[in-house]
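Input: a single structure, listed below in structure tokens.
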């Protein structure tokens with residue numbers, strides 16, 4: 001539409017100036033923005049304040065401002081316009097006039113100098129800062145003080161005097177120095193409970209070994225004492241408290257391997273590292289007889305490389321595992337049956353090692369030491385060769401002189417004569433003769449020599465010498481092997497001990513390191529496959545030897 | 001060209017923070033302390049020192065942003081680094097502690113630090129979003145323009161009220177003077193309108209009544225309108241009502257504007273005091289660890 005805008009300027013000097021402007025536009029836009037057709041420099045006018053546009057053949061004003069416009073003195077957001085209407089926008093006045101020839105719509109606009117218009121007292125003040133009266137600074141200082149008092153000052157009173165410490169720690173309301181704990185105390189140390197100073201003797205000083213040694217004693221690898229290698233290391237360097245998971249024992253392989261892979265020359269130990277590939281071959285401790293000269297057999301514990309000891313387990317016992325555990329069975333008092341390993345090899349309480357096998361408990365039910373088929377319950381004592389002969393002599397003397405006197409009389413006494421001294425001596429000699437005959441049978445053929453090394457001897461009181469037996473029972477005294485720990489679903493005795501094939505008691509039925517390595521791997525889980533058990537040094541070996549129990553008590 | 005504080009210098013500090021995190025995680029992964037990871041191992045001490053220095057440096061931002069004359073980097077750069085390295089701090093400190101927590105002063109420091117960082121994350125989000133939301137709420141105009149518009153409505157209302165007599169003039173001018181949105185930051189944040197208006201009851205008594213959202217004023221006007229028989233008065237009251245309804249709308253817009261701005265400020269009331277408390281807890285943490293070494 002064609003619009004005529006008539007600008008009326010009132011001169012300060014007096015007089016009125018008019019200028020007309022005709023524009024083509026769909027609507028008259030009124031506002032403070034520069035793109036408005038009618039730009040008003042009045043801060044109460046919005047950037048796009050209102051627009052006049054044709055509507056239903058007439059003209060219409062619409063305001064986008066909430067303050068609206070005033071048409072003929074009435075505040076309105078929109079209104080129909082006709083010539084003669086007076087429109088107020090802020091402090092500016094527009095009049096609708098008759099449109100001249102060639103224009104669709106016309107307004108006159110009076111430019112005024114006091115465009116800012118009248119003002120109310122400003123009711124807008126700068127908003128206050130602060131949170132309901134608390135400035136940021138005040139909140140900060142308060143919080144800081146709370147933290148400092150409750151986390152430090154109050155707990156710290158426990159350091160000043162034992163009485164204060166008792167009060168602070170005893171009160172359920174007061175924060176005490178347990179707040180300073182970096183982690184829970186290990187159960188083993190729970191008796192020291194809240195008394196930090198039992199271990200932390202001086203503030204700002206690391207826990208000393210003296211504090212540990214108040215209750216504990218140990219040998220080997222103790223700082224400064226038995227091993228110059230350990231040097232200045234403190235107990236607490238390895239035995240770390242206040243950690244989660246709580247674990248006082250350091251089981252890390254490097255703890256040992258750092259030194260033991262390359263020990264100083266003056267230490268007579270083989271280098272040892274990761275079990276997977278740097279552990280030396282096993283050595284077994286065997287109790288071996290020193291080859292007998294004359295007199296008593298002596299025994300000597302020898303550490304022998306396991307591979308060199310496979311057929312060297314001399315104990316002077318003759319024993320054939322293969323026969324005893326054969327699947328087809330062996331003749332026992334209960335008939336022919338297979339013997340289980342566990343019938344003789346019984347674990348000690350706790351299950352770590354096996355109890356010693358003894359004649360009385362494990363052999364004698366089959367290997368009876370009977371000698372008289374007429375009296376099978378009568379046996380000779382075991383372990384006492386002289387006693388055997390004596391028991392036999394007594395038995396046959398009694399038979400000849402007492403129990404069966406009539407029968408003896410038949411042979412040694414002339415009829416009608418009393419038993420003379422001579423008769424008795426003859427009977428005794430006969431009894432002894434018979435006893436020696438039976439003894440010879442027992443020692444050399446029937447009983448003893450089944451299991452023992454028996455030799456004839458002419459010089460001694462007895463004509464036989466039985467080599468004493470000592471079974472090695474602790475093959476690895478420097479490792480903590482436990483049978484119980486190895487009693488799993490996938491293992492049997494035969495997994496490690498090849499008894500089925502052993503015909504001699506000199507066979508050493510101990511598995512070598514490769515046998516262990518079938519399950520046991522490196523101390524570092526990352527070097528193992530999924531089946532291998534991480535096996536650091538401490539799994540089998542111990543670092544210290546305890547010499548005393550806790551509080552200096554005796555070890556069990 | 002405007003550059004978001006997160007995009008500053010092609011996210012240089014994001015990469016720096018990621019590098020710090022990566023180095024810390026890798027060190028944690030490869031370090032084998034022969035005990036459960038904790039602040040007392042070699043790596044624990046290193047990460048703890050890095051964490052403590054980071055906390056002090058992050059807190060120093062509060063000083064740097066006020067040092068207008070400082071040429072030590074730009075404040076925008078400092079803020080970008082403050083955000084990214086502040087987030088990285090959580091990882092550094094978790095690794096320092098070996099993920100061990102308890103009811104103790106050490107975990108207190110961690111909790112305070114986490115709250116500071118979370119409030120900071122909130123701050124970043126509102127800084128990135130709220131200015132635009134405020135601008136949209138005001139329709140692109142500055143707040144002063146809304147206030148000018150409000151004044152215009154008030155001026156017109158007063159003019160209409162003058163034609164209605166002294167009671168109405170008193171009513172409108174008291175309403176103008178006692179229009180109040182959020183005197184304190186907290187009230188602004190809650191969006192509280194504590195405006196009042198003076199009304200004259202039928203028995204001649206006058207009293208100030210609470211006028212949130214100009215509702216009470218509109219009620220009073222409606223009441224007056226119903227009691228008035230004179231057509232001209234009715235028309236004028238209705239004009240006044242229309243103006244006050246517009247004012248109500250404008251006040252809502254202004255209230256929303258104030259609330260958005262208050263949100264931009266109020267998180268700092270958590271962030272800054274907790275940072276100060278954190279520095280205190282950090283000091284207590286370090287000192288007590290070495291008291292009972």
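Take the residues of segment B:162-184 that are closer than 19 Å to residue B:241 by Cβ and part of a loop (DSSP other than H, G, I, E, B): which is nearest to the chain's Cα centre (by Cα)?
The selected residue is B:179.
If we keep just the residues of segment A:1-33 that are modelled with pLDDT of 80 or more and in a loop (DSSP other than H, G, I, E, B), which is nearest to the other protein chains (Cβ to nearest Cβ)?
Taking the candidates together, the pick is A:32.
Which of the following residues is in contact with a strand residue (DSSP E or B) (Cβ under 7 Å, 6 or more places away or on another chain) and over 27 Å from residue B:155 (Cα atoms): A:24, A:80?
Step by step, each of A:24, A:80 is checked, and only A:24 is in contact with a strand residue (DSSP E or B) (Cβ under 7 Å, 6 or more places away or on another chain) and over 27 Å from residue B:155 (Cα atoms).
With closer than 28 Å to residue A:136 by Cα and at pLDDT 90 or above as the only criterion, which of B:143, B:136, B:129 stands out?
Residue meeting the stated conditions: B:129.
Going by what's in this entry, would residue A:124 be described as at the interface with another protein chain (Cβ under 9 Å from one of its Cβ atoms), at negative phi, surrounded by fewer than 19 Cβ atoms within 10 Å (Cβ to Cβ) and modelled with pLDDT of 90 or more?
no
Name the residue that is modelled with the highest pLDDT, counting only residues in segment B:29-43 that are more than 10 Å from chain A (Cβ to nearest Cβ) and either within 15 Å of residue B:113 (Cβ to Cβ) or surrounded by 15 or more Cβ atoms within 10 Å (Cβ to Cβ) (or both).
Ranking the candidates gives B:43 first.
Being closer than 23 Å to residue A:307 by Cβ, surrounded by 17 or more Cβ atoms within 10 Å (Cβ to Cβ), within 18 Å of the chain's Cα centre (by Cα) and not assigned by TED's automatic domain parsing to the domain that holds residue A:450 is the requirement here; does residue A:505 meet it?
So residue A:505 does not fit the description; no.
Can you name every residue in segment A:426-455 that is in contact with a helix residue (DSSP H, G or I) (Cβ under 8 Å, 6 or more places away or on another chain) and assigned to a strand (DSSP E or B)?
A:454 - this is the single residue of segment A:426-455 that is in contact with a helix residue (DSSP H, G or I) (Cβ under 8 Å, 6 or more places away or on another chain) and assigned to a strand (DSSP E or B).
So which residues in segment A:297-337 are modelled with pLDDT under 85 and in a loop (DSSP other than H, G, I, E, B)?
Result: A:297, A:309, A:310, A:311, A:312, A:333, A:334.
Can you go through B:274, B:268, B:250 and tell me which one is farther than 30 Å from residue B:164 by Cα, surrounded by fewer than 22 Cβ atoms within 10 Å (Cβ to Cβ), within 11 Å of chain A (Cβ to nearest Cβ) and within 29 Å of the chain's Cα centre (by Cα)?
One residue alone meets the criteria, B:268.
On the given criteria, is residue B:129 in the same structural domain as residue B:246 (by TED's automatic domain parsing) and either in a helix (DSSP H, G or I) or closer than 27 Å to residue A:64 by Cα (or both)?
no
Take the residues in segment B:92-101 that are surrounded by 17 or more Cβ atoms within 10 Å (Cβ to Cβ) and on the phi < 0 side of the Ramachandran plot; name whichever of them is farthest from the other protein chains (Cβ to nearest Cβ).
Selected residue: B:92.
Quick check on my filter: what residues within segment B:110-145 are within 9 Å of chain A (Cβ to nearest Cβ) and touching a helix residue (DSSP H, G or I) at 6+ places or on another chain (Cβ under 9 Å)?
B:112, B:139, B:141
Only one of A:144, A:185 is more than 9 Å from every other protein chain (Cβ to nearest Cβ), on the phi < 0 side of the Ramachandran plot and modelled with pLDDT of 85 or more; which?
A:185
Looking at B:187, B:207, which is the one that is surrounded by fewer than 19 Cβ atoms within 10 Å (Cβ to Cβ) and either under 29 Å from the mean Cα position of the chain (by Cα) or not in a loop (DSSP other than H, G, I, E, B) (or both)?
Just one listed residue meets the conditions, B:207.
Only one residue in B:150, B:85, B:89 is within 14 Å of chain A (Cβ to nearest Cβ) and touching a helix residue (DSSP H, G or I) at 6+ places or on another chain (Cβ under 9 Å). Which one?
The match here is B:150.
Would you call residue B:176 buried (at least 20 other Cβ atoms within 10 Å of the Cβ) and within 13 Å of chain A (Cβ to nearest Cβ)?
It is true that residue B:176 is buried (at least 20 other Cβ atoms within 10 Å of the Cβ) and within 13 Å of chain A (Cβ to nearest Cβ).
For segment B:49-56, check the following and say yes or no: at least one residue is free of Cβ contacts under 8 Å to residues at least 24 places away in the same chain and not in a helix (DSSP H, G or I).
Within segment B:49-56, not a single residue is free of Cβ contacts under 8 Å to residues at least 24 places away in the same chain and not in a helix (DSSP H, G or I).
Name the one entry in B:21, B:63 that is surrounded by fewer than 20 Cβ atoms within 10 Å (Cβ to Cβ), in a helix (DSSP H, G or I), within 14 Å of another protein chain (Cβ to nearest Cβ) and out of contact with any strand residue (DSSP E or B) (no Cβ under 8 Å at 6 or more places or on another chain).
Just a single option satisfies the conditions, and that option is B:63.
Looking at A:519, A:493, A:448, can you tell me which residue is buried (at least 17 other Cβ atoms within 10 Å of the Cβ) and not assigned by TED's automatic domain parsing to the domain that holds residue A:319?
Unique residue meeting the criteria: A:448.
Considering only segment A:71-92, how many residues are surrounded by fewer than 16 Cβ atoms within 10 Å (Cβ to Cβ) and more than 11 Å from chain B (Cβ to nearest Cβ)?
Qualifying residue count, segment A:71-92: 7.
Quick check on segment A:252-269. Is at least one of its residues in a loop (DSSP other than H, G, I, E, B) and in contact with a strand residue (DSSP E or B) (Cβ under 9 Å, 6 or more places away or on another chain)?
No: segment A:252-269 contains no residue that is in a loop (DSSP other than H, G, I, E, B) and in contact with a strand residue (DSSP E or B) (Cβ under 9 Å, 6 or more places away or on another chain).
The values are calculated or read from the model by the stated rules, or taken from the named source; none is laboratory data. If you're wondering where the values come from, they're calculated on a predicted model, not measured in any experiment. Note that we place each Cβ from the backbone using ideal geometry, even for glycine, and neighbour counts take in every protein chain shown.
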